[in-house]
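**Student:** Sending over a structure as structure tokens; questions will come in a sec.
The values are calculated or read from the model by the stated rules, or taken from the named source; none is laboratory data. Source: prediction; values computed, not measured. Here the Cβ is made from the backbone with ideal geometry for all residues, glycine too, and neighbour counts use every protein chain on show. Note: areas computed on protein heavy atoms with side chains; ligands, DNA, RNA excluded. Shrake-Rupley method; radii C 1.70, N 1.55, O 1.52, S 1.80 Å.
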Amino acid sequence: MLYRVIDATELPALVEAFMESYEVVAPVKRDRGYAFEAIESPDQIVLDYVSTIVSPKKFFLPPEEPLFSFDRESNDVTEFGAEITPRVIFGAHACDINGLCRLDTVFRDGRYPDPYYCARRAATLIVGISCMPDENCFCHLLGSDEARFGYDLFLQDIGGKYLVSISSVEAANILEAACEVREATDEDRIEFRHATRRRQRAFNPDIPNIQEVAMLMDAFHEDSFWDELGGRCLSCGACAAVCPTCHCFDIRDVLEPDGKTGQRVRVADCCTDPQFALVAGGHNFRETNTLRVRHRFYHKLNGFLANHDRMLCVGCGRCVKACKANINPIEVLKFFARKGAEDVE
């Protein structure tokens, strides 16, 4: 990994350099929150945000996407040609970069790569930036507070300067052309350590650090705790809508008014939807909220780990804010902490 330093005042020049060849998507202020949107000027960017309402996932995995069009009378099928926009995601936090890496595991690196996702991923540069957590962040407990890969540049604020981690030639060339790049000094490295420690101390200490979470998901699989969570669930899907790693989808055929032509469309789905596990014949494999909520957390904290060696949750805290019934991974961690305390007694 190559490390360089730039002055904070050079950041607008870097953004403008990217804008010459790419659509730049960055966090901007929207009402009471922040959102990743395409910008027209570096002045629109807000980099000291805690979290955006949703992650940059939508630029790689749209909530609705046509796969092909068809003609029922002629039996003709026309493959959908997605317009791929060269893009830079500027200002992504480490948790969102790790979330994107989870999606890579499913849609790019698996046995059957998804061509739509792969095309968008290949056309996108990722510029990450350091952040400070709020009371809902728990990425440090899941190993997602640091981005070790999955980005092209990563900017660590070290007080009026940025320590830049460089991992792609394309981004490095743009950085060097736009900024006065220099070698990191011992003073820069010391300030980096100080910034890292400040961030570590800022995490909410009331969120318990639970070891062997995946094993505990198995051990307490039948606990009444899941009935209590299921009784609260509204099946609204807000958790999946804001999650950077949820990737379930449904396939639907949408007919035009004439009933002769239409499109096959991939649409985002959610495992807490009552119809998610409904199959032909009317059987529902997870017919209650309890089963659906438990399955969601089991997949996040155990099932995905078993298949891909990492948990699907990255601890961004968005679902904590989005769920009006207070159903989230922090509550699961607190439940395990209570069980551990009972064992001690």
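**Student:** Once Rh for the range 1-140 is found with the Kirkwood sum over Cα pairs, what is the Stokes-Einstein diffusion coefficient at 20 °C and 1.002 mPa s, in µm²/s?
**Tutor:** Numbers: Rh = 17.1 Å.
So the translational diffusion coefficient is about 126 µm²/s.
**Student:** While we're here: Just want to confirm a number: the relative contact order over the chain, from Cα pairs under 8 angstrom separated by 6+ residues, in percent.
**Tutor:** On the way: 566 pairs, mean separation 75.1, N = 345.
Contact order relative to length: 22 percent.
**Student:** Choose one of 110, 184, 163: the residue whose Cα lies farthest towards the positive end of the charge dipole of the chain (beta-carbon charges +1 Lys, Arg; -1 Asp, Glu; about the Cα centre).
**Tutor:** Positive-end residue among those listed: 110.
**Student:** Ok, one more. What is the dipole size for the chain, taken about its Cα centre, with +1 at each Lys and Arg Cβ and -1 at each Asp and Glu Cβ, in debye to the nearest 20? Don't skip to the answer; put the middle values down first.
**Tutor:** On the way: 39 positive and 54 negative charges, 153 e Å.
The dipole of the chain has a size of about 740 debye.
**Student:** Along each principal axis of its Cα atoms, how long is the range 80-235 end to end? Whole angstroms, biggest number first, please.
**Tutor:** Principal axes ranked by extent give 60, 49, 27 Å for the Cα atoms.
**Student:** Say the dipole of the range 225-309 comes from +1 at the beta carbon of Lys and Arg and -1 at that of Asp and Glu; which of 251, 304, 265 then lies farthest toward its positive end?
**Tutor:** Looking along the dipole axis, the top candidate is 304.
**Student:** Send over a whole-number figure in Å² for the accessible area per residue of the range 45-111, probe 1.4 Å.
**Tutor:** With the other protein chains kept in place, the range 45-111 gives 47 Å² per residue.
**Student:** Please report the spacing between the Cα centers of the range 207-264 and the range 115-152 in Å, no decimals.
**Tutor:** 21
**Student:** Right, here's the next one. Between residue 122 and residue 215, what is 0.36 nm times their sequence separation minus the Cα-Cα distance? Round to one decimal in nm. Provide the component values of the computation, followed by the final result.
**Tutor:** Numbers: separation 93, 0.36 × 93 = 33.48 nm, distance 3.60 nm.
Extending this stretch completely gives an extra 29.9 nm.
**Student:** So what J values fall out for the range 13-28 if you push phi through Karplus, 6.51 cos²θ - 1.76 cosθ + 1.60 with θ = phi - 60°, rounded to Hz, Gly and Pro as x?
**Tutor:** My calculation for the range 13-28 gives 5, 5, 4, 4, 5, 5, 5, 5, 10, 9, 7, 9, 10, 8, x, 10 Hz in order.
**Student:** With the full set of protein chains in place, find how many percent of the accessible area of the chain is carbon and sulfur; take the probe as 1.4 Å.
**Tutor:** Values: 8670 of 17630 Å².
Result for the chain: 49 percent of the exposed heavy-atom area is carbon or sulfur.
**Student:** Relative to the compact globular guide of 2.2 N^0.38 Å, what is the alpha carbon radius of gyration of the range 188-345, as a ratio?
**Tutor:** Values: Rg = 19.6 Å, N = 158, 2.2 N^0.38 = 15.1 Å.
Cα Rg divided by the expected 2.2 N^0.38 Å: 1.30.
**Student:** With a 10 Å radius around each residue's Cβ, average the other Cβ atoms per peptide and rank 233-243, 37-47, highest first.
**Tutor:** Values: 233-243: 18.4, 37-47: 13.8.
The most tightly packed comes first, giving 233-243, 37-47.
**Student:** Please give the FRET efficiency for residue 190 paired with residue 248, using the beta carbon to beta carbon distance and R0 = 41 Å, rounded to the nearest 0.05. Show your work: numbers first, answer last.
**Tutor:** Values: r = 45 Å, r/R0 = 1.10.
That gives a FRET efficiency of 0.35.
**Student:** Continuing with this model, one more query. Which chymotrypsin sites (Phe, Trp or Tyr not before Pro) from the range 34-109 combine a DSSP loop assignment with at most 15 other Cβ atoms within 10 Å?
**Tutor:** Values: sites: 34, 36, 49, 59, 60, 68, 70, 80, 90, 107; in loops: 49, 60, 80.
Passing sites in the range 34-109 are 80.
**Student:** Moving to a separate point now. For the chain, modelled as a Gaussian network with Cα springs under 10 Å, which listed residue fluctuates most, 150, 315, 81?
**Tutor:** So, out of 150, 315, 81, the one fluctuating most is 81.
**Student:** By residue number, which cysteines of the chain lack any other Cys whose Cβ falls under 4.7 Å from their Cβ?
**Tutor:** 101, 118, 131, 137, 179, 233, 236, 248, 270, 271, 313, 323
**Student:** In Å and whole numbers, how far do the C-alpha atoms of the chain stretch along each principal axis, longest first?
**Tutor:** Per principal axis, max minus min of the Cα coordinates gives 71, 66, 39 Å.
**Student:** Using a 1.4 angstrom probe, figure out how much accessible area the range 124-252 has per residue, in square angstrom, rounded to the nearest whole. All intermediate terms of the calculation are to be shown ahead of the outcome.
**Tutor:** Details: 6540 Å² over 129 residues.
The answer is 51 Å² per residue.
**Student:** What does the highest-first list of 323-335, 251-263 look like by mean Cβ count within 10 Å? Could you put the intermediate results ahead of the total?
**Tutor:** Details: 323-335: 18.5, 251-263: 12.2.
Ranked by mean Cβ neighbours within 10 Å, highest first: 323-335, 251-263.
**Student:** Helix-derived [θ] at 222 nm for the chain: sum -39500 (n - 2.57) over DSSP H runs of at least 4, divide by residue count, nearest 500? Spell out each step's value before the answer.
**Tutor:** Working: 12 runs with 113 residues, N = 345.
Mean residue ellipticity at 222 nm (helix-derived): -9500 deg cm²/dmol.
**Student:** Using Cα pairs closer than 8 Å and at least 6 residues apart in sequence, work out the relative contact order for the range 65-182, in percent. Each step should come with its number before you reach the end.
**Tutor:** Details: 130 pairs, mean separation 26.3, N = 118.
Rounded, it is 22 percent for the range 65-182.
**Student:** Rule-of-thumb check for the range 221-266: C-alpha Rg over 2.2 N^0.38 Å?
**Tutor:** Working: Rg = 17.6 Å, N = 46, 2.2 N^0.38 = 9.4 Å.
Here the Cα radius of gyration is 1.87 times the empirical estimate.
**Student:** Would the range 127-177 count as rounded, prolate or oblate if I go by the C-alpha gyration tensor, calling it rounded below 1.5 in a/c and otherwise prolate when a/b exceeds b/c, oblate otherwise?
**Tutor:** On the way: a/c = 3.63, a/b = 1.73, b/c = 2.10.
It comes out oblate by the Cα gyration axes.
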